[in-house]
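So the structure is just underneath, and the comments pick up after that.
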Amino acid sequence: MKNELLIAMDRDHLVHPVTAWRAHEAKGATVLESGKGLFLTDRDGRQLLDAFAGLWCVNIGYGQESVVEAAAAQMRRLPYATGYFGYTSEPTIRLADQLAGLSPDGLSRVFFTLGGSDAVDSAIRFITHYWNARGEPKRKHMIALDKGYHGSSSTSAGLTGLPAFHRQFDLPLRWQHHIPAPYAYRDPQGRSGDALVAASVAQLRAKVEELGVENVAAFFAEPVQGSGGVIVPPVGWLKAMERTCRELGILFVVDEVITGFGRTGPLFACEHEGVTPDLMSVAKGLTAGYAPMGALLMAEHVHAVIADGPDNHLPIGHGLTYSGHPVSAAVALEVLRLYLDGGILANGQVQGPRLAARLDGLTRHPLVGEVRYKGMLAAIELVADKGTKARFDASLGLADRLSAAGYERGIIFRAFADGTIGLAPALTATEEEVHAIVDRLTAALDDVLDQPEIRAALR
Ligand code: PLP
């Protein structure tokens, strides 16, 4: 089919996620055709270096034949097996067992979802059930971070702390609350390190006190706040939040949808600080985007309260037709094998510091205010004024300029609306590809810097 026709059909019929619908119609879609390794090819034949692993998910790169084989073999053998009325399939059971073995201590129970939003949504439902079963039905309030992202289902979007997900959607809900992000670069009091950790602890304590601890169910956090602009908290932050939740007697939920499966170095970001949450959501890297799947991992004690709760002879009414889908599970098993036995996790651990070293050099660029990273997850925050950290005026449409310049230079990265660039390349990147990412990104930044409106806005 001709590309122009596809673009016209897209314009007329396809609703894109998190997009200004009319602006998209005016601009038109870029139709991707194929992928190999870190490279994508679009319908115009342009080769693009994907420095964002699709949507921070294709951690193993494109074109991994063994994953394709695993999916095809499972589809031939048994394309679907319900998890309802006691049935399931071998790959689903084996995957649950492997995840329980690989995840932080105590997370022994796995509920499979289709992605991250419904993993968080499942967490919300199970947490509600948990406190009711414990005989503390007043505990309904949940706290998360400003600039956090926990998905866009009707409940997870309210825990998300980004205005675009609340605006016109009547969110957050009454029981959803946010405390400031541990965002050193823009901390109003200029705090970093331990001082910023202490500030977050105090903010969580204050919020719990304001709500009344007897009304608070849980605190949710990402180990690195991805969609909020790759905000990397100070060392010790996650551990301190875990400790605070324990002291307060509220559940601690870690959302590893982006950070899981080697994105920040270890298999799970919790491992950096020996954190063992009560619940943990994963998705993305679980199947590396080759098939949809997410999971909610639960500590044994959470599972036990629900399993042994009142009326426990009745069904616990939470389920999805595709929970534990055997094809996705077969894909995930092979992806896990590639991470662990195929050397992909180890490669990411080698390439992360290389990426960091190259990005450090970018801080000298006239547009760059701050560079931050953890493993193969990084951000470059652009500012109009390095002294005051003032951003470019929204009317300049910096994000669109950056994306367009990246496309011209043959690179895909995430250009956040506030002028922050996100990077999350596949963990399979070679040293040469890491250099190519930073070289192409620098060229795109130079192109944007050369634009008269941008130069005029620079102070
Ligand atoms: N949680 C986090 C931390 C995420 O980054 C995302 C997606 O980017 C989600 C949840 C939602 O996942 P999904 O888009 O698969 O529903």
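The values are calculated or read from the model by the stated rules, or taken from the named source; none is laboratory data. Bear in mind the structure is a predicted one, so any value in this text is a computation, not a measurement. As a convention, Cβ positions derive from the backbone with ideal geometry for all residues, glycine included, and neighbour counts pool all protein chains shown. In case anyone asks, the SASA skips ligands and DNA or RNA and just uses the protein heavy atoms, side chains included. Shrake-Rupley method; radii C 1.70, N 1.55, O 1.52, S 1.80 Å.
List of remarks:
- Test: residue in the range 59-72 that is within 16 Å of the ligand (Cβ to nearest atom), surrounded by 14 or more Cβ atoms within 10 Å (Cβ to Cβ) and assigned to a helix (DSSP H, G or I): no
- Contact map, the range 347-373: first residue more than 17 Å from Val232 (Cβ to Cβ), second residue among the small types (Gly, Ala, Ser), Cβ cut-off under 8 Å, separation 6 or more or different chains; pairs are Asn347/Ala429; Gln351/Ala429.
Let's see how each residue does on (1) farther than 18 Å from Gly375 by Cα; (2) in contact with a Gly (Cβ under 6 Å, 6 or more places away or on another chain); (3) not hydrophobic (A, V, I, L, M, F, W, C):
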residue	(1), (2), (3)
Asp187	yes, no, yes
Asn215	yes, no, yes
Val232	no, no, no
Lys239	yes, no, yes
Leu251	yes, no, no
Gly262	no, yes, yes
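- Total residues in the range 1-57, condition basic (Lys, Arg) and in contact (Cβ under 8 Å) with a residue 12 or more places away in the chain: 4
- Residue in the range 77-95 that is in the same structural domain as Val257 (by TED's automatic domain parsing), surrounded by 22 or more Cβ atoms within 10 Å (Cβ to Cβ), within 21 Å of Tyr322 (Cβ to Cβ) and touching a strand residue (DSSP E or B) at 6+ places or on another chain (Cβ under 9 Å) present: yes
- No other residue among Ala181, Ala157 is open to solvent by less than 30 Å² (accessible area, probe 1.4 Å), out of contact with any strand residue (DSSP E or B) (no Cβ under 9 Å at 6 or more places or on another chain) and either within 16 Å of the ligand (Cβ to nearest atom) or farther than 23 Å from Arg372 by Cα (or both) apart from Ala157.
- Of the criteria (1) surrounded by fewer than 23 Cβ atoms within 10 Å (Cβ to Cβ); (2) in a strand (DSSP E or B), which one Ala144 fails: (1)
- Applying the set (1) within 16 Å of the ligand (Cβ to nearest atom); (2) modelled with pLDDT under 95 to Tyr290 leaves exactly one unmet item: (2).
- Cβ pairs under 8 Å, 6+ apart, first in the range 114-130 and in contact (Cβ under 8 Å) with a residue 60 or more places away in the chain and of a type in the set (Phe, Trp, Tyr), second open to solvent by 40 Å² or more (accessible area, probe 1.4 Å) and within 11 Å of the ligand (Cβ to nearest atom): none
Conditions tested, residue by residue: (1) surrounded by fewer than 21 Cβ atoms within 10 Å (Cβ to Cβ); (2) among the basic types (Lys, Arg); (3) farther than 27 Å from Gly422 by Cα; (4) assigned by TED's automatic domain parsing to the domain that holds Gly161.
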residue	(1), (2), (3), (4)
Ser192	yes, no, no, yes
Val197	no, no, no, yes
Ser200	no, no, no, yes
Asn215	yes, no, yes, yes
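- Of the helices (runs of 4 or more DSSP H) lying entirely inside the range 1-56, those containing at least 2 residues that are open to solvent by 60 Å² or more (accessible area, probe 1.4 Å) and outside the structural domain of Ala283 (by TED's automatic domain parsing) are 3-13, 21-27.
- Subset of the range 100-120 that is assigned to a helix (DSSP H, G or I) and either open to solvent by 40 Å² or more (accessible area, probe 1.4 Å) or outside the structural domain of Asp278 (by TED's automatic domain parsing) (or both) - its residue that is nearest to the ligand (Cβ to nearest atom): Leu102
- Reported count of residues in the range 224-240, each being without any contact (Cβ under 8 Å) to a residue 60 or more places away in the chain and either within 15 Å of the ligand (Cβ to nearest atom) or more than 27 Å from Ala424 (Cβ to Cβ) (or both), is 2.
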